[in-house]
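A short worksheet on the structure shown next.
Since every read-out is calculated from the coordinates, none of them should be taken as a lab result. The structure presented is a predicted model; accordingly, all values stated were derived computationally and were not measured. For neighbour counting, all protein chains shown are included, and Cβ atoms are generated from backbone atoms with ideal geometry for every residue, glycine included.
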Amino acid sequence: MSVNSQPEIEALFTEQREFAPPPALARDANAKADIYDRAEQDFEGFWTEQAENRLTWFRKWDKVLEWNLPYAKWFVGGQLNVAYNCVDRHVENGLGSKVAYYWEGEPGDARTLTYADLQREVNRCANALLSLGVKTGDRVGIYMPMIPELPIAMLACAKIGAPHVVVFGGFSSDALQGRMIDSEAVALITADGGWRNGKVLDLKDAADVAVSNSPTIKNVLVVQRTGHGVPMTPGRDHWWHEIVESQSDQCDPVPVDSEHLLYLLHTSGTTAKPKGIMHTTGGYLTGVATTHSTIFDIKPDTVYWCAADIGWVTGHSYIVYGPLANGTTSIMYEGAPQYPEPDRWWSIVEKYKVNVLYCAPTAIRAFMKQGETWPAKHDMSSLRILGTVGEPINPEAWLWYHRNIGGGRCPVVDTWWQTETGMILITPLPGVTTLRPGSATRPFPGVGAKVVDAAGQDVPDGAGGGYLVLTRPWPSMLRGIYKDPERFQNTYWSRFPGYYFAGDGCKVDADGYFWLLGRVDDVMKVSGHRISTIEVESSLVDHPSVAEAAVVGRSDPITGEAIFAFVILKTSAEPSDALAAQLREHVATKIGAIARPKMVMFTPELPKTRSGKIMRRLLRDIAENRPLGDVTTLADSGIVDTIRVKAQSSEAEQLI
């Protein structure tokens, strides 16, 4: 792309504030500045070093990387077992009494599991699966709330080499059924229910509907969590406490090939059939163990909390496999972030003296809406590092998080990655990187990434936005879409030949910092200018009255598309026409008149998936007054009706 040509995506929002690493953290950090040069000079050698030093192998590999684009094989010929690496070897090394998980249920019940406890429970569950006829290579479905039996079940599958297929516990029976049929699962592990916002979620009922239409499932293992009474089908359904707890607590790990399938995890499928993303064993575990230790600066005594749900890839990689491979003590919490009060998270941080907190920007903005008094009630001086995941974070949300949760002393590692990538790919290193609020900063050492234009040509640093691509293989990359190699090729590798296309817009500033601009499908075209949603949303959240915002393009006879803004106010602000006009002008002042929203609508909530991502596709449907698309993945499907009614009222818009 010529420097003088119009950029693919306008880069309008500029963030100048910077935060250097705290000197004490920088001095003792796991990663030093030279890690980038070492990894770049020999990226295969870098990953070889990580695999050798972080994991225990039953058989050493013959070849580090076999790359036949788009298919990669890492540590070819090597053999290992994930459960052995995550549990058994820590017990063998004298860490059996170390806490693996502090678990807290939403009603307030709690459990503490040491690595020795985890080993016993994993072995019993593995033996139970073997007794039910599950074999190495069989797929096992898991549909559970955030209880300790969920990671135990995943590790039990890994112990015997049976790939697991975790389905988020908030998904419907249809979603569960589709994933079980696609993966041809032979068994399902579930629970009677779980707790969310003070209510019981009846998982067993949804599981029964799904299993009745999933012909390959022969056995269902059920954890009794809520005790509210559920039907059990004789011969098919088995209570966990009856079959698992009676098993031997000894079970030898099954050595599997480095490229053995560890799990399938399906994308949400908001626009098409869910994709069964395939992740294998050796490369995946190397990637998540390395990034977890390096990015979160994990020490032997670190208390770490990833506040995601294990049903998403963040939970797989950074609640289960990465932390356990590193012998880390983690927090697990079952319920809603603001139940029974908006300070539930902060009470957990204080209670367990959490050192590292990793959560989604949407949660941070929800806390912003409630104000600063809730976190101020708690002593969170134990926190050392904060992290964000799931979507780009607005600079003002970043600063609120840094100031009110981290006390102004904790680096915020803003991470970019995907279900498909398996591990974090673009991120600060807390002891090395000077932070800029809203930027994921630089590719992780050994990772190749850049921004290109529509023709696949490099966009020079500082020249505007374009398309984020990955230029070389990385250990934890997806190995394909289950039973659909053509879709794998077309989805990720056809747009820019030779590169993995992530589907995200991005700009790289003059200093080489990466700024994610959101999904390219969400880019708005206003008067010939391609404007990213994240930049307009960041300017709105910059206003002191705004907690959260989402913008979409709506057809306009003059400008092609006009910007329609959906705004959630902080509890201290009141909606009004005057405030709407003020917000439009605030955007024009921050990033330019071309980005001034034509319409501003105040709403109590936004349509989000159960992982917290805003579904702008539905907002576009509302803005265009057309029938809504699929709403099955929404956390609250009723919110779209509320927004639609407001949008159709004469008071919902303010026109320039």
Net charge (Lys, Arg +1; Asp, Glu -1) of residues whose beta-carbon lies under 12 Å from that of Phe43, Phe43 excluded, is -3
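For the chain, what D do you get in µm² per second when you plug the Kirkwood radius from alpha-carbon pairs into Stokes-Einstein at 25 °C and 0.890 mPa s?
97 µm²/s
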For the range 338-463, give the magnitude of the charge dipole about the Cα centre (Cβ charges: +1 Lys/Arg, -1 Asp/Glu; no others), in debye to the nearest 20.
-> 420 debye
So how much slack lies between Ser131 and Ser97, counting 0.36 nm per residue of separation and subtracting their Cα-Cα distance, in nm?
-> 9.3 nm
Listed by chain and number, the lysines with an alpha carbon less than 29 angstrom from that of Lys299, same-chain partners under 8 positions apart left out, are Lys32, Lys60, Lys98, Lys159, Lys351, Lys353, Lys377
The range 490-495 - phi-based ³J(HN,Hα) in whole Hz, Karplus 6.51/-1.76/1.60, Gly and Pro as x | 5, 6, 10, 10, 8, 5
Please list 213-226, 135-148 highest first by mean number of surrounding beta-carbon atoms within 10 Å per residue.
-> 135-148, 213-226
Among Val222, Thr433, Leu583, the residue whose Cα sits farthest towards the positive end of the charge dipole of the chain (+1 at Cβ of Lys and Arg, -1 at Cβ of Asp and Glu, taken about the Cα centre) is Val222
Cross-link partners among aspartates and glutamates for Lys450, C-alpha distance below 15 Å, same-chain residues fewer than 8 apart left out?
-> Glu8, Glu40, Asp458, Asp461, Asp504, Asp509, Asp511
Neighbour net charge for Glu420 - beta-carbon separation under 13 angstrom, K R +1, D E -1 = +2
Once phi is turned into θ = phi - 60°, what whole-Hz ³J(HN,Hα) does the Karplus curve with 6.51, -1.76 and 1.60 give for every residue of the range 201-213, x standing for Gly and Pro?
-> 8, 7, 6, 5, 4, 5, 5, 4, 5, 5, 5, 4, 10
Proximal charge balance of Arg584 [Cβ under 9 Å; K/R count +1, D/E count -1] | +1
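Please report, in cubic angstrom per residue, the volume enclosed by the convex hull of the alpha-carbon atoms of the range 15-171. Write out the running numbers ahead of the final one.
Values: hull volume 39.1 nm³, N = 157.
Given the Cα convex hull of the range 15-171, per-residue volume reads 249 Å³.
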Give me the distance between the Cα centres of the range 603-628 and the range 281-354, rounded to whole Å.
-> 29 Å
Cα-Cα pairs in the range 244-298 separated by more than 17 Å, as a whole percent of all pairs, come to 63 percent
Using all C-alpha to C-alpha distances in the range 331-403, build P(r) with 5 Å bins and read off the rounded percent in each one.
-> 3, 15, 27, 31, 19, 4
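With +1 assigned to the C-beta of every Lys and Arg and -1 to the C-beta of every Asp and Glu, and no other charges, what is the dipole magnitude of the range 23-506 about the Cα centre in debye, to the nearest 20?
220 debye
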³J(HN,Hα), Karplus 6.51/-1.76/1.60, whole Hz, each residue of the range 52-59, x for Gly, Pro = 6, 8, 9, 10, 9, 10, 7, 9
Can you list the trypsin sites (Lys or Arg not before Pro) in the range 456-501 that are in a DSSP coil and have 16 or fewer other beta carbons within 10 angstrom?
-> Lys483
Before rounding to the nearest 500, sum -39500 (n - 2.57) across all DSSP H runs of length at least 4 in the chain and divide by the residue total; then give [θ] at 222 nm in deg cm²/dmol.
-> -7500 deg cm²/dmol
Given the Cα-Cα distance of Ala578 and Asp62 and 0.36 nm per residue of separation, how much length would full extension add, in nm?
-> 178.9 nm
Starting from the Cα of His378, step 7 Å along the direction of its Cβ; do the same at Thr233; then give the gap between the two resulting points in nm.
-> 4.1 nm
Three principal axis extents, largest first, for the C-alpha atoms of the range 536-648, in Å?
-> 38, 37, 24
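Write down, largest first, the equivalent ellipsoid semi-axes of the range 279-354 in whole Å, where each equals the square root of 5 times an eigenvalue of the alpha-carbon gyration tensor.
25, 15, 8
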Which whole-number percent of Cα pairs in the range 205-281 have a distance greater than 16 Å?
-> 71 percent
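Output the direction-averaged projected area (hull surface divided by four) of the convex hull of the alpha-carbon atoms of the range 135-174, in nm². Numbers along the way, then the final one.
Working: hull surface 11.3 nm².
That works out to 2.8 nm².
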Of the residues Leu95, Leu386, Ala593, the Cα lying farthest along the dipole of the chain towards its positive end, which is defined by charges on the beta carbon of Lys, Arg, Asp and Glu, belongs to Leu95
Across 5 Å bins beginning at 0, the whole-percent shares of Cα-Cα pair distances in the range 122-208 come to 3, 16, 26, 23, 18, 9, 3, 1
Report, in whole Å, the centroid distance computed from the Cα atoms of the range 40-71 and the range 142-177.
-> 29 Å
